[in-house]
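The values are calculated or read from the model by the stated rules, or taken from the named source; none is laboratory data. Keep in mind it's a predicted model, so treat the numbers as computed, not measured. Cβ placement follows ideal geometry from the backbone for every residue including glycine, while neighbour counts extend to all protein chains displayed.
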Protein chains: 4
Amino acid sequence: MHGETGPSQPPRSLRTDRMEALSDGVFGFAMTLLVVDIVVRPPGTPLHQMLRAWPSLVAYVLSFLTIGAAWMAHTALTDRFERTGSIFLRLNLLTLLVVVFLPFPTGLVADALRSHVGEREAVTLYGLTLLAIRVMGFALVVYARHENLYPRHGGDEELRRAQQSPLPVVIGYVVAILVGLAWPTVAVLMYFGITMVLVVPFRTVARVVFGHG
Amino acid sequence: MHGETGPSQPPRSLRTDRMEALSDGVFGFAMTLLVVDIVVRPPGTPLHQMLRAWPSLVAYVLSFLTIGAAWMAHTALTDRFERTGSIFLRLNLLTLLVVVFLPFPTGLVADALRSHVGEREAVTLYGLTLLAIRVMGFALVVYARHENLYPRHGGDEELRRAQQSPLPVVIGYVVAILVGLAWPTVAVLMYFGITMVLVVPFRTVARVVFGHG
Amino acid sequence: MHGETGPSQPPRSLRTDRMEALSDGVFGFAMTLLVVDIVVRPPGTPLHQMLRAWPSLVAYVLSFLTIGAAWMAHTALTDRFERTGSIFLRLNLLTLLVVVFLPFPTGLVADALRSHVGEREAVTLYGLTLLAIRVMGFALVVYARHENLYPRHGGDEELRRAQQSPLPVVIGYVVAILVGLAWPTVAVLMYFGITMVLVVPFRTVARVVFGHG
Amino acid sequence: MHGETGPSQPPRSLRTDRMEALSDGVFGFAMTLLVVDIVVRPPGTPLHQMLRAWPSLVAYVLSFLTIGAAWMAHTALTDRFERTGSIFLRLNLLTLLVVVFLPFPTGLVADALRSHVGEREAVTLYGLTLLAIRVMGFALVVYARHENLYPRHGGDEELRRAQQSPLPVVIGYVVAILVGLAWPTVAVLMYFGITMVLVVPFRTVARVVFGHG
């Protein structure tokens, strides 16, 4: 389980379990912190206040699923690690730094969509953060592949997803960010679409629906 | 421990330990976040302010135990998993999304019971969230059973509880939600009763009290 | 590692690792949440504001060490578990419920010591919570011993500490709570003394200082 | 995995996994809590408000990386533990106490750099906390080495980093704290430099860049 290395690879022998434990903690806590930003505010009847909280809800679901997708890619990647190394640990910390940052622009977007003030700025910062999460996630894959941190053969569908070229998604985010400069709400819809692409396992769903195996 | 699958089931081979670690983290954080919503507020003497905080306390205990019950069912279910799969991971994320949401309506209920403003709306949203947690928990059981993620034979009492038909509890929640439209406080009492049914292991208590075996 | 039970003990076969993971998460998060209550407030120069924050700091250290002591007793107890059971899981949840509650009276005490309003009420609630944590911790030990959840023979010093009669500490807390009704600050000092007794391993320190063995 | 000790070392036989789990949780939460302190505030256009939030961002990145460095040293140290002991557990709790405290001075620094009030006091407290984290981390190494908690032979680069004399870093912090009494902003830059030295694995980077092995 720990990826103890033999005597032939002395400099890269750290166990992976604590890296995974820290990452699971940070991913999970970042998900949970998102709910703190959901608030109801006067004016209006209680029901109106709740209904007017929809931007908070949209931002919550969107950010939760984005972190969830990043966690799934992270899990699929390190699932097969036999060891980890100094540089991977640090790239991992940078990834977590970006993930942990997400609740901040999430709150900005929720506030901006509600108050119609600063929507463009908030949505742009939000998009840049989503983009950074995706790019850092792929940097982990590239580095791990380059350093042979996991066996090349085999690998399940989840890992194949994590290894896919991030170019389509990156282009999608860049387009959405540019669109958001003019129409912030449209950008949010585009972020939602990209998140769905990242989260929904279309191929597996098809296999389950149309027959097992 | 990891549920490595043999070569005959390539597409469903992810380890279960990180799914469990993320879930434990999220359940635990959601429980802990609840305490942030307990506040004392003027007016009144310090003692009065504390005594007037009882709705916060009731909501705290109720939500804590609900999340605890969901965690116990989750543990009993994945305890026997040999592997997990792409779709289960995503159903699990959706379950966590609903669990993490609970502190928000918990805070609304506490505020509403204290201020007597918006009780009906808050209690209804709270009930719907409790219902969603129960339904998502059962969806996990149904999917896991359908996909044979755990061995059918054996299983302890905790797993039998998790596999029980959720219909009585769902009906209970629906009735409580409807009652809450007229009498919100009564609905809270009903939620409390349902939570007790979910949490207290009557059969095991009887066995311990009346003899071991 | 998981405490899989043989076929002769069917009803008590849950793994202990997730119970430990949830507990570690909740203990750790409760410790971390305490820092949220440390605040500086006008009036005064920045240095004065910081110095006037000392009640927050005292309450932070006191609560952190209390949770730490509860965590150490919990670890020492479940360290030797071969399995866990339905009722222990629920007693454990109740213990966590009390632990998670601690940041609330901690914040009350810090506010009260600063503003000199409601000190008596805050310090009393704080003491009752400390007492409840200790009592719940001992209830776990008693139940585990009664149900033979861990082997009787052996056990290290940490476990012996966890198994000690809680009576002296309980009496200490009760006396401190009563004293606090008249002199709240004295009660805080007494809580500090009791926490030191719980945390400092006098016997082990003596062994390390006076020779290994 | 658990570091079960043989019958010859009865008093120091606790498993290390829960100590690691609690530590990972606390390090992770402390990292995540930092983001709560990033806020935008009037006056100004939304873009101005965001740009004026740069002290929050600097403080966030700095504290995140400091905790990350402490976590890496902690991981490298306990990675090779075969057992843990009563006193190490308590030193570990004290280390966590200081780590958890960091979000408080981080928030103070961010507020002070933004408002230009109390910069000196905030930056000094921040530096003292960074220093305390480093000193506690080294105390763990010294105690573990003294008590032979891990095998002396072998050890990877990460552990060698953790075992390095902390004197240069401690001197760096002390100088930065003294400089900060006159020029707080310069001290923040110096903290940044020290953190970079702690986080960037120059030797490993050189090895990766100039050839593997």
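Residues in the stretch A:35-66 that are under 29 Å from D:Glu20 (Cα atoms) and either surrounded by fewer than 23 Cβ atoms within 10 Å (Cβ to Cβ) or at the interface with another protein chain (Cβ under 7 Å from one of its Cβ atoms) (or both): A:Val35, A:Val36, A:Phe64, A:Leu65. Can you confirm whether C:Tyr173 is part of a helix (DSSP H, G or I), among the hydroxyl-bearing types (Ser, Thr, Tyr) and either within 14 Å of chain D (Cβ to nearest Cβ) or surrounded by fewer than 19 Cβ atoms within 10 Å (Cβ to Cβ) (or both)? No: the conditions fail for C:Tyr173.
Look at D:Thr84 and say whether it is among the polar types (S, T, N, Q) and surrounded by fewer than 24 Cβ atoms within 10 Å (Cβ to Cβ).
Working: among the polar types (S, T, N, Q): yes; surrounded by fewer than 24 Cβ atoms within 10 Å (Cβ to Cβ): no.
When the stated conditions are applied, D:Thr84 does not pass them.
Here is a yes/no grid of residues against (1) in contact with a Phe, Trp or Tyr (Cβ under 7 Å, 6 or more places away or on another chain); (2) among the hydrophobic types (A, V, I, L, M, F, W, C); (3) closer than 30 Å to B:Gly85 by Cα:
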| residue | (1), (2), (3) |
| --- | --- |
| B:Leu113 | no, yes, no |
| B:Leu131 | yes, yes, yes |
| B:Phe138 | no, yes, yes |
| B:Gln163 | no, no, yes |
| B:Ile177 | no, yes, no |
| B:Trp183 | no, yes, no |
| B:Ala187 | no, yes, no |
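Taking the residues in the stretch B:15-42 that are over 20 Å from the mean Cα position of the chain (by Cα) and not in a helix (DSSP H, G or I) as candidates, determine which candidate is nearest to C:Gly25 (Cα to Cα). In this case the residue turns out to be B:Thr16.
Residues of the stretch A:92-133 that are in contact with a Ser or Thr (Cβ under 7 Å, 6 or more places away or on another chain) and among the small types (Gly, Ala, Ser): A:Ala110 alone. Residues of the stretch A:70-95 that are part of a helix (DSSP H, G or I) and within 9 Å of chain B (Cβ to nearest Cβ): A:Trp71, A:Met72, A:His74, A:Thr75, A:Ala76, A:Thr78.
Within the stretch B:181-203, is there a residue that is touching a strand residue (DSSP E or B) at 6+ places or on another chain (Cβ under 7 Å) and part of a loop (DSSP other than H, G, I, E, B)?
The initial filter retains those residues of the stretch B:181-203 that are touching a strand residue (DSSP E or B) at 6+ places or on another chain (Cβ under 7 Å), namely none.
The answer is no; no qualifying residue exists.
Checking the stretch B:151-169 against the condition returns no match, with no residue being under 21 Å from A:Ser56 (Cβ atoms) and under 17 Å from the mean Cα position of the chain (by Cα).
Can you confirm whether the stretch B:104-117 contains a residue that is within 30 Å of B:His146 (Cβ to Cβ) and either at pLDDT 90 or above or within 9 Å of chain C (Cβ to nearest Cβ) (or both)?
To start, the set of residues in the stretch B:104-117 that are within 30 Å of B:His146 (Cβ to Cβ) comprises none.
Among the residues of the stretch B:104-117, not one is within 30 Å of B:His146 (Cβ to Cβ) and either at pLDDT 90 or above or within 9 Å of chain C (Cβ to nearest Cβ) (or both), which makes the answer no.
Can B:Gly193 be described as crowded, with 17+ Cβ neighbours inside 10 Å and of a type in the set (Gly, Ala, Ser)?
On the way: crowded, with 17+ Cβ neighbours inside 10 Å: no; of a type in the set (Gly, Ala, Ser): yes.
Considered against the rule, which asks whether it is crowded, with 17+ Cβ neighbours inside 10 Å and of a type in the set (Gly, Ala, Ser), B:Gly193 comes out as no.
Checked against (1) surrounded by fewer than 22 Cβ atoms within 10 Å (Cβ to Cβ); (2) touching a helix residue (DSSP H, G or I) at 6+ places or on another chain (Cβ under 9 Å), C:His116 passes all but a single condition, namely (2).
State whether one or more residues within the stretch C:126-141 are touching a Lys or Arg at 6+ places or on another chain (Cβ under 8 Å) and surrounded by 14 or more Cβ atoms within 10 Å (Cβ to Cβ). Spell out the reasoning first.
Taking the stretch C:126-141 as the starting set, the residues that turn out to be touching a Lys or Arg at 6+ places or on another chain (Cβ under 8 Å) are none.
Looking through the stretch C:126-141, none of the residues is touching a Lys or Arg at 6+ places or on another chain (Cβ under 8 Å) and surrounded by 14 or more Cβ atoms within 10 Å (Cβ to Cβ).
Matching residues to (1) part of a helix (DSSP H, G or I); (2) aliphatic (A, V, I, L, M):
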| position | (1), (2) |
| --- | --- |
| A:Arg114 | yes, no |
| A:Val117 | no, yes |
| A:Glu121 | yes, no |
| A:Ile133 | yes, yes |
| A:Leu159 | yes, yes |
| A:Ala162 | yes, yes |
